[in-house]
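The next block holds one structure in the form of structure tokens; read it before the comments.
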Amino acid sequence: MPDRAGLAGATEKCGVVGVALADREAARPVYYAMYALQHRGQESAGIATHDGFQQHSHVERGLVGDAISEADLTDLRGSTGIGHVRYPTSGGLNTCCAQPFAVSFKSGSLGLAHNGNLVNTDELRADLEAAGHAFTSEGDTEVIAHELARNLLDADLVRAVKRTMDRVHGSYSLTIMHDEAVLGLRDPLGNRPLCIGALDDGYVLASESAAVDALDGELVRDVRPGELVVLDPDGSGFDSYRLVEEPEPAHCFFEHVYFARPDSVIDDSLVYEVRRDLGRALWRESGVEADVVMPVPDSGRAFASGYAEAANEEDAPVEFAEGLMKNRYVGRTFIMPTQDERERAVRLKLNPIRSTVAGRRVTLVDDSIVRGTTSTQLVELLRDAGADEVHVRIGAPPINAPCYMGIDMASREELIAADQSVDEVCDEIGADSLAYLSMGAVADALEAEQTGLCTGCVTGEYPYDVEGEDTDREVVPPEV
Ligand code: SF4
């Protein structure tokens, strides 16, 4: 699903890290973990550490390897630290919101790395400003920092975090550094992922378990919805505090469908296996006779292999092959700020393998359709390469509504399925047939109740009321 645009300001699909070690500088492990999370954000990268006396931080635009130098790592002293990679935005780079947000208050130094999006930022900011807090950025992370600093003035750390959690609404997975203590906090919905890993000489918090693997660590478990985890500064263990009595999870199903790395385990499920299961379910729900099944690289690969495997098991022999080759040196298309540039980028990025495609009935499998730009171009590309038929199968339900929970998708006007039926979308992208996966199949693959998942972008019903947005607007219901 490479056809997305950005929404400036919020801390969308970012990656966060937190590390506490016994007797080793934290900056380098944080840096490696950020590398493992680079897919979650390419606009900026930053690290904050604490050496027991003071906080050090370095934040720069660009990829991890460009933003942080060897000299920066040397300067980032201390055995505890947090890190952040930030998602790109389409409307120009936004340096004000690069993270970790690091600042000193009367209550001590604070560093925050945030993945998610608050839905009551304006209200909180106005309240804090009235109480004399001055802001340096538009970002919602600074609002959380000020709220936490205010609460730390007359409460211990855990109570202050609890009070902050009661005030901020929306999605957030946070790694926080208060002086040398490193904390991990997951919102009461568990909307954005966060996990704990054990290292030989300490503990790590990270958006995805692939970052724990990169440090040769072992995944301990996911941070639970509404849970605060406080790492011991000497790396000897961690304490857990359940800050919400009965959390009602609303995990983002899109993490498993698209955003997360396939080799990550999120909320107890290996993303790769979930995607294969979704592909299998896609065959069962809407399998179509074809000569070859091919993925949209790389996002559709696991779905397509599951789909082809299920077809072959059910006596509908079909070849599974790569029919589109990717130029890895072209940036992700959603970085392109205009529609024109995005369209050109698809052509630059993917090229068909004619011998796989020519004279054949092709099933093209992808994870999702957002604007439809990519799908339209890929169908055209395959027809130009001589495909007899092009059937499109999508491993998620139609995206009908924007995400207000922190995923940078597209506006309602840009979503191809927002006001069109599946047949109309099929016509628009020029395919012979189009089918999406049902929400029920997604829930089954995640071994979750549908009620335990956020489905806002499919149903238009969000787990929070969204400030200034009419979230009750009618959406075309999924037709599968
Ligand atoms: S609205 Fe969609 S993309 Fe956003 S959090 Fe919910 S499931 Fe994820």
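No lab work stands behind these numbers, since they all come straight from the coordinates. From a predicted model like this one, the values you see are computed outputs, not experimental measurements. Positions of Cβ are generated from backbone atoms using ideal geometry, with glycine treated the same way; all protein chains shown enter the neighbour counts.
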Helix 121-130 axis, angle to the chain major axis (alpha carbon atoms, nearest 10°) | 20 degrees
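Can I get the semi-axes of the chain's equivalent ellipsoid? Compute them from the C-alpha gyration tensor as square roots of 5 times the eigenvalues, in angstrom, largest first. The partial results should precede the final answer.
Values: eigenvalues 317, 103, 85 Å².
Working from the Cα gyration tensor, I get semi-axes of 40, 23, 21 Å.
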Roughly what percent of Cα-Cα pairs across the stretch 34-92 reach past 12 Å?
-> 64 percent
Could you tell me how many degrees, from 0 to 90 and to the nearest 10, lie between the Cα long axis of helix 373-384 and the main elongation axis, the longest principal axis, of the Cα atoms of the chain?
-> 30 degrees
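State the extension gain, in nm to one decimal, for the chain segment bounded by Ser104 and Gln54, taking 0.36 nm per residue of separation less the distance between their alpha-carbons.
My answer for the length gained is 17.0 nm.
What percent does the relative contact order of the chain come to when contacts are Cα pairs within less than 8 Å and at least six residues apart? List each step's numbers first, then the result.
Working: 1239 pairs, mean separation 70.7, N = 480.
Result for the chain is 15 percent.
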Would you calculate, for the chain, the mean residue ellipticity at 222 nm contributed by helices, counting each DSSP H stretch of 4 or more residues as -39,500 (n - 2.57) and dividing by all residues, to the nearest 500?
-> -8000 deg cm²/dmol
Which residues' amide hydrogens lie under 5 Å from the amide hydrogen of His56, considering only partners 5 or more residues apart or on another chain, with H built in the peptide plane?
-> Thr49, His50, Asp51
Working from Cα positions, state the angle (0 to 90°, nearest 10) between the long axis of helix 157-167 and the longest principal axis of the chain.
-> 50 degrees
Mind ranking 167-179, 317-329, 452-464 by how tightly packed they are, going by the mean number of other C-beta atoms within 10 angstrom, highest first?
-> 167-179, 452-464, 317-329
Could you run the Debye sum over the Cα atoms of the stretch 272-455, one equal point scatterer each and no solvent, and tell me log10 of I(q)/I(0) at q = 0.19, 0.20 Å⁻¹, two decimals?
-> -1.40, -1.52
How big is the C-alpha Rg of the stretch 15-249 next to the rule-of-thumb value 2.2 N^0.38 Å, as a ratio?
-> 0.91
Glu322 paired with Tyr241, simple spin-label distance in nm, labels 7 Å along Cα-to-beta-carbon = 5.0 nm
Convex hull volume of the stretch 224-326 per residue (C-alpha atoms, cubic angstrom) | 139 Å³
Pairwise FRET efficiency - Asp234 versus Ala126, Cβ, R0 = 41 Å, nearest 0.05 | 0.50
Karplus 3J(HN,Hα) series, Hz, for the stretch 352-359 with 6.51 cos²θ - 1.76 cosθ + 1.60 (x for Gly, Pro) | x, 9, 4, 5, 7, 9, 4, x
Taking the Cα-to-Cβ direction at Glu138 and at Glu380 and moving 7 Å from each Cα, how far apart do the two end points lie in nm?
-> 3.3 nm
